[in-house]
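The values are calculated or read from the model by the stated rules, or taken from the named source; none is laboratory data. Since the model is a prediction, treat every value here as computed from it, not as a measurement. Cβ: placed from backbone, ideal geometry, glycine included. Neighbour counts: every protein chain shown. Just the protein is used for accessible areas: all its heavy atoms, side chains included, with ligands, DNA and RNA removed. Shrake-Rupley method; radii C 1.70, N 1.55, O 1.52, S 1.80 Å.
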Amino acid sequence: MSFMSIDPANLASQYTQIERAKKDSLLSAKTTAFNAQLNAIKKLESQLKSFVTQLGNAQKNQGLLSNTATSSNDSTVKATASNKAVAGEYEVFVQQLAQNHQLALSFAPDATLPADGDFTVAFAGGSLTVDLANLPANASLTDLVNAINNHADNPANSGVRATLLRSNGETFLMISSEKTGADQTVSLNFNAGGSDGTELQTALAGQQVLKQAQDAQLRIGADSALTISSATNTLTNVIEGVTLELIKAQSAGDSPIRLQIAQDQGAAKDNIKKIVDDFNALHSLLSSDGSLKNDSTARGIQNLLRSSVQGEFAGKSLYSVGLEFDRNGKLTINNSRLEKALAEDPEQLEAMLSGENGLLSKMTTALEPYSKSFGIMSKKQQTVQASLEVVNRQKARHDLAMEQVYKRYVLQFTQMQVTIAQLQSSMNSFG
């Protein structure tokens, strides 16, 4: 008589799998759910931050409405308009451009500087002095240029720049004010020391003015012209909401440049549509992602989104200017009402959307606690991550417990195998 042989390791593995299956399934389901929730919250936080950033940028960039500015001669005057500009036509004439001050000193090509003495450059708002004794031995004009440009008293963008020019056997030391305007004059002076400074003094005495410091002058109007002066060639406050860039001066007898400011209704509609599309993208994520549907934080955000669009803004409802909800809870645009609002009262529409108490401000205030770094969404992520880590620790403990169960089964089935072998041997002895 023979007894069936058994494999202790295989049997132990099968019994262990049966014993652990239910809890494995439960822990796996929890891991999947928490991972899905964590990924959904991260995605939601990312979209929230992007949306709030867009809202902030729209307010910083002076709102959603847009104007265009066209110039009859862009090579002479370029114009751009903000949403604050008023539609209209203007005539301008560029009498002169703003210039910086440029001086040139002439030297022989192999000129060297005196071994001592002070070279001073005075400019609007300050001055700098180069002690020639501090320059290298047999200092050249290049050493002086470097000393001027790198001087501690030479402020960046508002001081002076020195450079060398060479032409027809002469070397010119050119010194220029960095800013334009009639008050940006530069003056040069040399106080000799003990060494011979004749060459430098001669150059100073014969200095040439390459460019006079001057303001830009712009004439506005055709009949009774108003002349505007500006220290720069970019004028931002002459016509409200319009920036003018003066490119070249006109000659006597030239025709005035015509500027036309008009509302850019297409750009305004695109700006509003972008806000609406991103609003709806958030709504879709909150309402369609299974991991967010039953989340209290997500529901709170969805309620805030909807409530932020309700009520009146600057005395009118958003519905009256073309913004409304459809039956699925998405924000839609009624083009005819929006175009009418843009045409009839763009200032009120701007107040409703981008004003201090407008739609963008209301949505920003509502969503900012959720979108800011270390805000509500960040804390929510930490909570879900902590729950996931708890499950991972449970899995680790379960794996350890099941390892002990497996070892116990191996021991039991090994003992059973020994017992069977002994019985087999006993039976064979009675053969």
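Assorted remarks:
- Residue pairs whose Cβ atoms lie under 7 Å apart, separated by 6 or more positions or on different chains, with the first residue in the stretch 14-28 and in contact (Cβ under 8 Å) with a residue 40 or more places away in the chain and the second part of a helix (DSSP H, G or I) and hydrophobic (A, V, I, L, M, F, W, C), are Thr16/Met402; Thr16/Val405; Glu19/Val405; Arg20/Met402; Leu27/Val391.
- Members of the stretch 357-372 found to be farther than 18 Å from Leu44 by Cβ and buried (at least 16 other Cβ atoms within 10 Å of the Cβ), listed by number: Gly358, Leu359, Leu360, Ser361, Lys362
- Members of the stretch 208-235 found to be surrounded by fewer than 15 Cβ atoms within 10 Å (Cβ to Cβ) and within 28 Å of Leu65 (Cα to Cα), listed by number: Gly221, Thr234
- Selection from the stretch 387-429 of residues that are under 15 Å from Thr16 (Cβ atoms) and open to solvent by less than 50 Å² (accessible area, probe 1.4 Å): His398, Ala401, Met402, Val405, Tyr409, Val410, Phe413
- When the stretch 256-305 is filtered for residues that are over 27 Å from the mean Cα position of the chain (by Cα) and either of a type in the set (Phe, Trp, Tyr) or assigned to a strand (DSSP E or B) (or both), the ones remaining, listed by number, are Ile257, Arg258, Leu259, Gln260, Ile261, Ala262.
- Those residues of the stretch 377-386 which are in contact with a Lys or Arg (Cβ under 8 Å, 6 or more places away or on another chain) and open to solvent by 80 Å² or more (accessible area, probe 1.4 Å), in sequence order: none
- Total residues in the stretch 238-283, condition loosely packed, with under 14 Cβ neighbours inside 10 Å, acidic (Asp, Glu) and under 25 Å from Asp215 (Cβ atoms): 2
- Of all residues in the stretch 373-400, those that are under 19 Å from Glu45 (Cα atoms) and either of a type in the set (A, V, I, L, M) or without any contact (Cβ under 8 Å) to a residue 24 or more places away in the chain (or both) total 11.
- Filtered residues of the stretch 127-142 (kept if open to solvent by 30 Å² or more (accessible area, probe 1.4 Å) and either closer than 14 Å to Glu178 by Cα or touching a residue at least 24 places away in the same chain (Cβ under 8 Å) (or both)): Ser127, Thr129, Ala133, Asn138, Ser140
- Hits in the stretch 216-237 - residues which are farther than 17 Å from Asn73 by Cβ, under 37 Å from the mean Cα position of the chain (by Cα) and in a loop (DSSP other than H, G, I, E, B): Ala231, Thr232, Thr236, Asn237
- Selection status of Ser378, modelled with pLDDT under 90, within 30 Å of the chain's Cα centre (by Cα) and in a helix (DSSP H, G or I): yes
- Within the stretch 143-169, the set of residues being among the polar types (S, T, N, Q) and buried (at least 17 other Cβ atoms within 10 Å of the Cβ) comprises Asn154 only.
- Residue list for the stretch 106-135, filter: touching a strand residue (DSSP E or B) at 6+ places or on another chain (Cβ under 8 Å), outside any loop (DSSP other than H, G, I, E, B) and of a type outside the set (A, V, I, L, M): Ser106, Phe107, Thr112, Gly117, Asp118, Phe119, Thr120, Phe123, Ser127, Thr129, Asp131
- The residue list Asn303, Asn271, Asn237, Asn294 contains one member that is without any contact (Cβ under 8 Å) to a residue 24 or more places away in the chain, polar (S, T, N, Q) and within 20 Å of Ser361 (Cβ to Cβ), which is Asn303.
- Single condition Lys293 does not satisfy, out of (1) more than 30 Å from Ser82 (Cα to Cα); (2) open to solvent by less than 80 Å² (accessible area, probe 1.4 Å): (2)
- Annotation note: of Ser317, Ser354, Ser307, the sole residue that is over 28 Å from Glu45 (Cβ atoms) and open to solvent by 10 Å² or more (accessible area, probe 1.4 Å) is Ser317.
- Count of residues meeting criterion [assigned to a strand (DSSP E or B) and of a type in the set (Gly, Ala, Ser)] in the stretch 51-97: 5
- When we screen Leu48, Leu103, Leu44 for residues that are at pLDDT 90 or above and assigned to a strand (DSSP E or B), the only hit is Leu103.
- Filtered by the rule that a residue be assigned to a strand (DSSP E or B) and more than 28 Å from the chain's Cα centre (by Cα), the stretch 238-255 gives a lone residue, Leu246.
- Some residue of the stretch 89-98 being out of contact with any Lys or Arg (no Cβ under 7 Å at 6 or more places or on another chain) and modelled with pLDDT under 95: yes
- As for the stretch 111-122, it holds no residue that is surrounded by fewer than 17 Cβ atoms within 10 Å (Cβ to Cβ) and under 30 Å from Ile257 (Cα atoms).
- Where Gly329 falls short, out of the listed (1) open to solvent by 50 Å² or more (accessible area, probe 1.4 Å); (2) assigned to a loop (DSSP other than H, G, I, E, B): (1)
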